[in-house]
1. What is the order of T71, T7, fewest Cβ neighbours within 10 Å to most?
2. Kindly provide the helix-only [θ] at 222 nm of the chain, computed as the sum of -39,500 (n - 2.57) over DSSP H runs of four or more divided by all residues, to the nearest 500 deg cm²/dmol?
3. Points 7 angstrom from Cα along the Cβ direction at K92 and T117: gap in nanometres?
4. Which lysines, if any, have their Cα less than 23 Å from the Cα of K104, not counting same-chain residues under 8 positions apart?
5. So for the chain, what are the equivalent ellipsoid semi-axes in whole Å, largest first, each being the square root of 5 times an eigenvalue of the Cα gyration tensor?
Amino acid sequence: MSIRKFTVIGGDLRNVKLANQLLADGNSVNIYGFKNAGFELGISESENLQEAIDDSEIVIGPLPCSNDNETVNAPFHPEKIYINEVFKIMKKNQLFIAGRISDKIIHLAGAYNVYCTDILEREEMAVLNAIPVAVP
């Protein structure tokens with residue numbers, strides 16, 4: 001198994017759990033956007049966005065990616081994380097993955113030559129999201 005370098009930016013407890021699982025699998029993981037989380041992260045947070053993204057191969061955003069088409073959905077971060085700043089830092093060989101990426105954000109990614117993938121557009125994730133959850 002080859003070791004990959006990931007960055008997880010923003011999101012909720014699911015993204016923290018994902019970051020920790022990636023780390024447990026032997027990968028290198030940076031996180032950013034969780035300063036105000038009221039729970040143990042399990043990983044030291046990068047000091048700034050540049051440091052978080054710099055050496056990663058894959059940048060993972062939240063689900064949903066954004067609530068306003070301008071900022072990353074980062075409820076545990078005290079400041080706004082602007083999507084265009086994320087894309088400005090990213091290099092052509094890096095991949096951006098998130099959920100429910102709007103057409104506006106996809107267009108912005110194209111302007112910065114960033115390849116992005118919406119995980120909810122993948123068949124295996126769409127099937128999982130279509131499974132009804134029993135409510136007691």
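Please treat every number below as a calculation from the coordinates, not as lab data. Every value quoted in this text rests on a predicted model; they were computed, and no experiment measured them. Every residue, glycine among them, receives a Cβ derived from its backbone with ideal geometry; neighbour counts consider all protein chains shown.
1. T71, T7
2. Value at 222 nm, helices only, nearest 500: -8000 deg cm²/dmol.
3. Between K92 and T117, the label points sit 2.0 nm apart.
4. The qualifying lysines are K80, K88, K91, K92.
5. 21, 19, 16
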